[in-house]
Amino acid sequence: MICTNCFKGEYVTIRIPKEVIINDRPVIIEDVECEKCPSCDEIIFTHQQGLELDKKRINIEFSSKPILTSYQLGLLRKILNMSLDEISDLLHIGKNTYGRWERGEVAITPSMNLLVHNFIDKFSQAKVNLIETEMQVAIEEAKKRYFDNSMSLGEFIRKVLTATKILPEVICRKIGIKAELFNLIQNNEVSPEKLPVEISANILIFFHLSVNSLWQLFENALAIYHLRGKVSFIHTRKANYGQKGVASQSESINKILEQYLDQERSSLSKHTISETYMKKIEEYVKKKG
């Protein structure tokens with residue numbers, strides 16, 4: 001077949017690596033058959049070659065979507081505040097089918113997995129909480145925007161939560177802690193060295209921090225921790241009852257302490273995290289690879 005570009009050479013069949021876009025990212029597909037003109041290097045695909053390329057692209061797209069777990073399927077409904085009937089109607093599947101997936105009684109099929117992934121892509125908060133790559137990108141962007149050596153670990157975590165919309169329960173699951181301890185960490189109510197090494201290491205890994213960055217966040221958190229009980233507070237008279245009231249007051253006190261530390265840092269005694277503890281964190285991270 002004569003080249004339709006230069007009209008000099010005759011196309012010959014070759015195989016090349018071909019870049020395609022899958023899930024908004026470039027992917028190289030190796031060994032793709034096509035036609036090339038030896039005179040002008042024009043490359044074309046016949047109808048059959050185009051179909052074969054599409055098959056390879058679709059196969060990669062299907063396999064690139066991780067199979068959703070029963071936990072993720074339940075979390076999706078929670079994020080979107082949907083009942084089983086509502087999400088099943090939107091996906092055009094039986095509610096018993098989704099219920100069995102969510103309870104872990106049967107695994108979601110590859111085709112249905114792709115359907116639900118496409119559904120997740122419509123909601124930014126669902127994507128950032130359920131898709132690992134989206135979560136990592138969001139954390140990196142928040143860290144670049146907000147991280148500062150003067151802030152405490154609690155303040156850093158709160159800013160990341162606000163910026164990314166990642167749910168606290170998702171972070172707790174990733175780090176391996178319960179909500180009660182997570183709240184203490186957010187409000188700098190626990191001495192960092194009281195945290196198990198594996199928990200501190202998981203915090204470093206999840207938030208993509210260096211050992212030195214975590215060390216600085218820890219030391220600022222430790223300073224606030226030691227300020228508690230040494231500073232008097234006058235609160236507005238407000239009826240606060242139950243756990244929500246206690247949590248609200250604790251958060252309020254913590255924010256005041258963070259501001260106080262920022263203003264009076266030079267006049268306060270220095271509290272440090274031991275190098276031994278940080279070395280243990282570094283060693284744990286290396287073991288996890």
Run the numbers for Glu19 and Asn149: contour at 0.36 nm per residue of separation, minus the present Cα-Cα distance, in nm. 42.7 nm
In order through segment 105-112: 3J(HN,Hα) via Karplus (6.51 cos²θ - 1.76 cosθ + 1.60), integer Hz, x for Gly, Pro: 6, 9, 7, 5, 6, x, 5, 6
Taking the Cα centre of segment 12-64 as the origin and placing charges on Cβ (Lys, Arg +1; Asp, Glu -1), which of Ser64, Ile16, Gln49 is farthest toward the positive end of the dipole? Ser64
Step through the table entries Lys122/Lys288; Lys165/Lys280; Lys143/Lys174; Lys122/Lys159, compare each Cα-Cα distance with 22 Å, and write down the pairs that go over it. Lys122/Lys288; Lys165/Lys280; Lys122/Lys159
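Please compute the net charge surrounding Ile44, taking Lys and Arg as +1 and Asp and Glu as -1 over other residues with Cβ under 10 Å from its Cβ. Don't jump to the answer; show the numbers that get you there.
Details: positive: Lys36; negative: Glu35, Glu42.
Value of the local net charge: -1.
As an exercise, use a Förster radius of 41 Å and the Cβ-Cβ distance of Phe45 and His92 to find the FRET efficiency, rounded to the nearest 0.05. Kindly include the intermediate steps, with their values, before the conclusion.
Numbers: r = 34 Å, r/R0 = 0.83.
That pair, Phe45 with His92, gives E of 0.75.
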Under 5 Å, built H, 5+ apart or other chain: amide partners of Ile22: Val27
What does a probe at His208 reach in segment 101-141, counting residues whose amide N is under 19 Å from the point 7 Å along Cα→Cβ? 124-141
Once amide H atoms are built 1.01 Å from N in the peptide plane, which residues 5 or more positions from Val32, or in another chain, come under 5 Å H to H? Ile16, Lys18
By how many nm would the segment from Cys172 to Leu84 lengthen if fully extended, with 0.36 nm per residue of separation less the alpha-carbon distance? 29.2 nm
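First select every other residue whose beta carbon is under 10 angstrom from the beta carbon of Leu75; then total the charges, Lys and Arg +1, Asp and Glu -1.
Numbers: positive: Arg77, Lys78, Arg173; negative: Glu102, Glu169.
My count for the surroundings of Leu75 gives +1.
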Output wanted: per-residue J couplings in Hz (rounded whole) for segment 76-85, from phi through Karplus 6.51 cos²θ - 1.76 cosθ + 1.60, θ = phi - 60°, x for Gly and Pro. 4, 5, 5, 4, 8, 6, 10, 7, 4, 5
Once the in-chain neighbours fewer than 8 apart are removed, the aspartates and glutamates whose Cα is under 16 Å from Lys36 read Glu10
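So which chymotrypsin sites (Phe, Trp or Tyr not before Pro) in segment 1-52 pass both tests, a DSSP loop state and at most 13 other Cβ atoms within 10 Å of the Cβ? Walk me through the numbers before you get to the answer.
Working: sites: Phe7, Tyr11, Phe45; in loops: Phe7, Tyr11, Phe45.
Answer in residue order: Phe7.
What is the local net charge at Ser274, summed over the other residues whose Cβ is closer than 10 Å to its Cβ (Lys, Arg +1; Asp, Glu -1)? Don't skip to the end; give the middle numbers.
Details: positive: Lys279, Lys280; negative: Glu193, Glu275.
Charge balance near Ser274 sits at 0.
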Is segment 70-123 best put as rounded, prolate or oblate by its Cα gyration tensor, with a ≥ b ≥ c the root eigenvalues, rounded for a/c under 1.5, and otherwise prolate when a/b is larger than b/c, oblate when not? rounded
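Read-outs throughout are calculated quantities, based only on the coordinates presented, and are distinct from any laboratory measurement. It should be emphasised that the depicted structure is a prediction, and the values quoted were computed from it without experimental measurement. In this analysis, Cβ positions are derived from the backbone assuming ideal geometry, glycine residues included, and neighbour counts consider all displayed protein chains.
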